[in-house]
Amino acid sequence: MQRRTEENHHRQTNTRPMKKNTSSSAGTIQQIIPHQSRSILSEVEQKAQRILNHNLVLVKHHGKTYCRTVPSKQYYTHQWNWDSATVAMGLVHFHPQAAYDELRALISGQWENGLIAHITYNPDEELYYPQADKWRTQQFWQNGVPTSGITQPPVFAIGVEYVYDHSPDKQAAEAFLEEMLPAIIRFHEHLKTYRDPEDKGLMTIIHSWESGTDNSPRWDSVYAHVDLDKIPQSVKEDVNLHRVDDQIGEVSHRPTRENYYRFMGLIDMYAKWDWDYHKIVARSPFAVKDILFSSIWARANESLARLLKKVGRYEEAALYKEWAKQTKQAIAGTWDAEKKQYTDIDVSQGRKEKIAEPTIATFVPLWAEAVTDTQLPKLIENLTDPKTFWTPYPIPSTAINSPKFEIARYWRGPTWPITNMFIIEGLLRYKDRHPKAEQLAEQLIDSTLEMMIQNDFYEYYDPTHGKGEKFNQKEIKEPTLHFGFADFSWSAAIFISLYERYRKH
Ligand code: DGY
């Protein structure tokens with residue numbers, strides 16, 4: 001289904017050459033934007049726009065039509081929460097109305113209790129597993145819109161602010177904002193109530209899918225407590241019979257079968273508990289204070305506070321600013337000085353165990369400006385170490401010297417454009433507080449764009465840029481530079497957003 005193409009001033013093809021990288025004191029990163037790539041940026045942007053058009057699905061349901069951009073028609077054929085908020089940031093640059101519609105569709109299934117689920121299902125699509133009915137959430141569906149029962153990092157408010165700020169028609173943007181504010185507030189109140197019952201600022205996730213980084217080594221020690229023997233046989237059989245991601249995608253890139261049993265075992269348990277989040281948070285074998293989720297939460301509350309100020313609601317704005325501040329302080333408090341990183345905390349069933357896996361999550365506090373002046377140089381040292389994160393195509397989702405690093409497996413090594421964008425924005429917040437922050441952000445913008453120019457819009461990429469052997473990775477028979485599903489919406493959207501803001505003019 002093609003979106004109506006709308007010409008506007010963002011569609012100009014005139015581009016200035018990309019900034020040349022100054023020689024890097026940050027490690028071994030190569031000169032990443034070769035000259036020939038610079039001239040094709042606007043062409044690649046048009047391709048990115050075509051992908052977003054191609055991935056639009058118009059869903060007619062209960063007398064309403066929803067415009068949903070699916071992450072990839074190869075497999076992810078519904079609407080994902082944080083994908084969608086990011087997709088809107090790309091759409092607004094060439095079709096603002098489509099950005100509004102995307103976020104409208106995202107909130108169409110918001111539960112009475114405020115949850116914006118991680119998946120809003122397209123009722124006619126059956127390809128993706130687990131299908132809507134597996135969640136047993138029917139009693140919570142609003143307007144008949146089928147959803148999952150968990151959430152995802154709350155990029156939503158940030159997406160709304162971005163769309164508002166980049167909308168060429170201010171009147172339309174204001175109407176859009178009025179429409180979105182109640183949904184954001186209900187979502188944030190929901191998260192605060194159920195995911196921070198202690199009121200200390202760190203947010204509890206109840207499934208690794210809520211982290212967005214589903215299969216990260218961060219979750220290994222937690223999943224070790226999700227006893228495979230206690231997962232009902234019927235759940236395992238369902239996975240055995242119906243799981244398809246490992247057939248449509250490359251099996252060696254996807255989460256293991258055991259982990260799928262755990263993913264689905266948790267869903268089954270929560271459905272049996274009627275999606276009572278107080279109970280789930282208190283009793284689940286998977287309850288973790290997630291540093292990435294919390295960082296986005298803090299950043300989203302800043303967005304919400306600014307949005308409320310725009311409409312003159314100063315008192316409420318002060319509350320969400322306070323929430324952001326509280327979370328930032330709590331994030332700073334998880335710092336592990338020896339490992340030069342922030343840590344998640346496993347709080348399942350009364351545990352209180354630090355999780356200090358070296359992953360991309362540790363850099364997302366930059367985006368929330370949660371990093372203190374003493375932590376900052378150490379964190380940047382970690383980021384720019386060629387032995388950990390500063391690879392030819394940074395930033396790998398797991399440090400390349402970690403025994404858990406896997407070059408192609410989902411969130412266990414590859415580089416993702418989305419986390420790069422968070423960290424670019426984060427570094428820019430620190431440009432006056434660290435001498436390398438701005439230069440690193442510039443390099444990351446270039447490398448992220450280049451990664452997509454060279455390898456197309458895939459879900460994720462080889463951080464070693466084909467030099468896997470050097471990094472001790474023997475499992476890839478033929479070097480591939482991109483992985484996961486093709487024509488991936490948020491990669492396309494991030495390309496558009498980075499190009500439009502940082503490299504077009
Ligand atoms: C999947 O199925 O891989 C998704 O990431 C879950 O949200």
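The values are calculated or read from the model by the stated rules, or taken from the named source; none is laboratory data. Nothing here was measured: the structure is a model prediction, and the numbers come from that model. Every residue, glycine among them, receives a Cβ derived from its backbone with ideal geometry; neighbour counts consider all protein chains shown.
Of everything in the range 446-505, what is in a helix (DSSP H, G or I), touching a Pro at 6+ places or on another chain (Cβ under 7 Å) and of a type in the set (Gly, Ala, Ser)? Give them in sequence order.
Within the range 446-505, Ser447, Gly468, Ser489, Ser491 meet the criteria.
Please pick out the residue among Ile119, Ile150, Ile158, Ile185 that is touching an Asp or Glu at 6+ places or on another chain (Cβ under 9 Å), of a type in the set (A, V, I, L, M) and within 14 Å of Gln79 (Cα to Cα).
Ile150
Please determine, by comparing only the residues of the range 150-177 that are surrounded by fewer than 22 Cβ atoms within 10 Å (Cβ to Cβ) and outside any helix (DSSP H, G or I), which one is nearest to the ligand (Cβ to nearest atom).
Ser167
Within the range 213-263, can you find the residues that are small (Gly, Ala, Ser) and over 21 Å from Ala399 (Cβ atoms)?
Within the range 213-263, Ser234, Gly249 meet the criteria.
Condition first: crowded, with 24+ Cβ neighbours inside 10 Å and among the small types (Gly, Ala, Ser). Now tell me which residues in the range 400-425 satisfy that.
Gly413
Could you tell me which residue of the range 207-252 is farthest from the chain's Cα centre (by Cα), considering only residues that are away from the ligand (no atom under 16 Å from the Cβ) and not in a helix (DSSP H, G or I)?
Pro232
Residues in the range 292-309: is at least one surrounded by fewer than 19 Cβ atoms within 10 Å (Cβ to Cβ) and under 28 Å from Glu425 (Cβ atoms)?
yes
Only one of (1) more than 16 Å from the ligand (Cβ to nearest atom); (2) touching a residue at least 60 places away in the same chain (Cβ under 8 Å); (3) in contact with a His (Cβ under 8 Å, 6 or more places away or on another chain) is not met by Tyr410, so which one is it?
Tyr410 satisfies all of (1) more than 16 Å from the ligand (Cβ to nearest atom); (2) touching a residue at least 60 places away in the same chain (Cβ under 8 Å); (3) in contact with a His (Cβ under 8 Å, 6 or more places away or on another chain) except (1).
Do you know which of the residues in the range 89-118 that are touching a Gly at 6+ places or on another chain (Cβ under 9 Å) and outside any loop (DSSP other than H, G, I, E, B) is farthest from the ligand (Cβ to nearest atom)?
Among those residues, the one meeting the criterion is Ala99.
Cβ-Cβ below 9 Å, separation at least six or inter-chain, first residue in the range 253-266 and more than 11 Å from the ligand (Cβ to nearest atom), second assigned to a helix (DSSP H, G or I) and of a type in the set (Gly, Ala, Ser): which pairs?
Going by the 9 Å Cβ cut-off, the qualifying pairs are Arg262/Ser208; Leu266/Ser208.
Between a residue in the range 207-224 that is under 11 Å from Asn259 (Cβ atoms) and among the charged types (D, E, K, R) and any residue that is within 16 Å of the ligand (Cβ to nearest atom) and not in a loop (DSSP other than H, G, I, E, B), which pairs come within a Cβ distance under 7 Å, given they are 6 or more apart or on different chains?
Listed pairs, sorted by first residue: Asp214/Ser208.
Output the residues belonging to the range 119-134 that are in a loop (DSSP other than H, G, I, E, B), buried (at least 16 other Cβ atoms within 10 Å of the Cβ) and touching a strand residue (DSSP E or B) at 6+ places or on another chain (Cβ under 7 Å).
If the condition is that a residue be in a loop (DSSP other than H, G, I, E, B), buried (at least 16 other Cβ atoms within 10 Å of the Cβ) and touching a strand residue (DSSP E or B) at 6+ places or on another chain (Cβ under 7 Å), then Tyr121, Asn122 are the ones that fit.
Out of the range 123-141, which residues are modelled with pLDDT of 95 or more and away from the ligand (no atom under 12 Å from the Cβ)?
Ala132, Asp133, Arg136, Thr137, Gln138, Gln139, Phe140, Trp141
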